[in-house]
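Participant: Structure in structure tokens, see below.
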Amino acid sequence: MQLTTSSYKKIGVVYGFLVILVVIALGVRFFQSTKLKSSDVTKETVKTKTSDKKVEKKADWTGNISLVSDATSYKVGDNIDLTVLFEAKGKKLDGADFVLIYNPEILNAIGFTEGKAFSIFPRKDIDNEKGTVKVTALDSTSKEQFGAEKVTLGVIQMQAKSAGTATVNFDFSAGGTNRTTLIEQGTSQNILGLAEGITIRVTE
């Protein structure tokens, strides 16, 4: 049987229609595949950003350090005992440092007595010109994690030099490792999150 011209035209139209359908199907499939890959990349990016944030917060700043005085006010010439206390609940420590800043026109530091929480104190520097006390303690004597109670790091002996009000503060920045610190065993992270100074009042 011979095909007429109109039959060829009909067959051509059918083939053309089929080709168009195939092209559309391939286009849809390609678009869906591209969208899926884009979604996967976005999810990976979000996961990476979340992970980065967790890494930034790896330090656990739960420790604190503070000063306690043996009286509320003093007279010129009086001796002053300032006890340095720290808390590191649930932590083991490799060491601790503190840097105190005070007004040398009102107070003079005259000594430091070691506490029993650490066995080595390689630095005990007093500078009454600048008004600083710098102490480093190493090798915790505690074999267990510290509890919730406050532990004595040491006692600073000072003398009231002249009348006035002076603050004694820790040089401190959360996460810093070169000033006032509580260094966690095993991570070498500074876990100190709070440092509380004290105000000393001296009268004539």
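Participant: I'd like to check one number: the per residue accessible area of the stretch 122-190, probe 1.4 Å, reported in Å² as a whole number.
Facilitator: Each residue of the stretch 122-190 exposes 53 Å² on average to a 1.4 Å probe.
Participant: Still on this model: Under the Karplus relation 6.51 cos²θ - 1.76 cosθ + 1.60, θ = phi - 60°, what is the ordered set of whole-Hz ³J(HN,Hα) values for the stretch 84-93, x standing for Gly and Pro?
Facilitator: Result, rounded to whole Hz: 8, 10, 9, 10, 8, 4, x, 10, 10, 10.
Participant: Please report the equivalent ellipsoid semi-axes of the stretch 72-189, computed as sqrt(5 x eigenvalue) of the Cα gyration tensor, largest first, in whole Å.
Facilitator: The equivalent ellipsoid of the stretch 72-189 has semi-axes of 28, 14, 12 Å.
Participant: Size of the stretch 78-131 along its principal axes in angstrom, Cα-based, largest extent first?
Facilitator: Extents along the principal axes: 40, 20, 16 Å.
Participant: Express in Å², to the nearest 10, the accessible area of Glu149 obtained by rolling a 1.4 Å probe over the protein heavy atoms while all chains stay in place.
Facilitator: 110
Participant: Compute the whole-percent fraction of alpha carbon pairs in the stretch 136-188 spaced more than 18 Å apart.
Facilitator: Percent of Cα pairs beyond 18 Å in the stretch 136-188: 54.
Participant: Could you please state, rounded to a whole Å, how far the C-alpha centre of the stretch 69-87 is from the C-alpha centre of the stretch 128-167?
Facilitator: About 11 Å separates the Cα centre of the stretch 69-87 from the one of the stretch 128-167.
The values are calculated or read from the model by the stated rules, or taken from the named source; none is laboratory data. Note that the structure is predicted; figures quoted are calculated from it, not measured. In case anyone asks, the SASA skips ligands and DNA or RNA and just uses the protein heavy atoms, side chains included. Shrake-Rupley method; radii C 1.70, N 1.55, O 1.52, S 1.80 Å.
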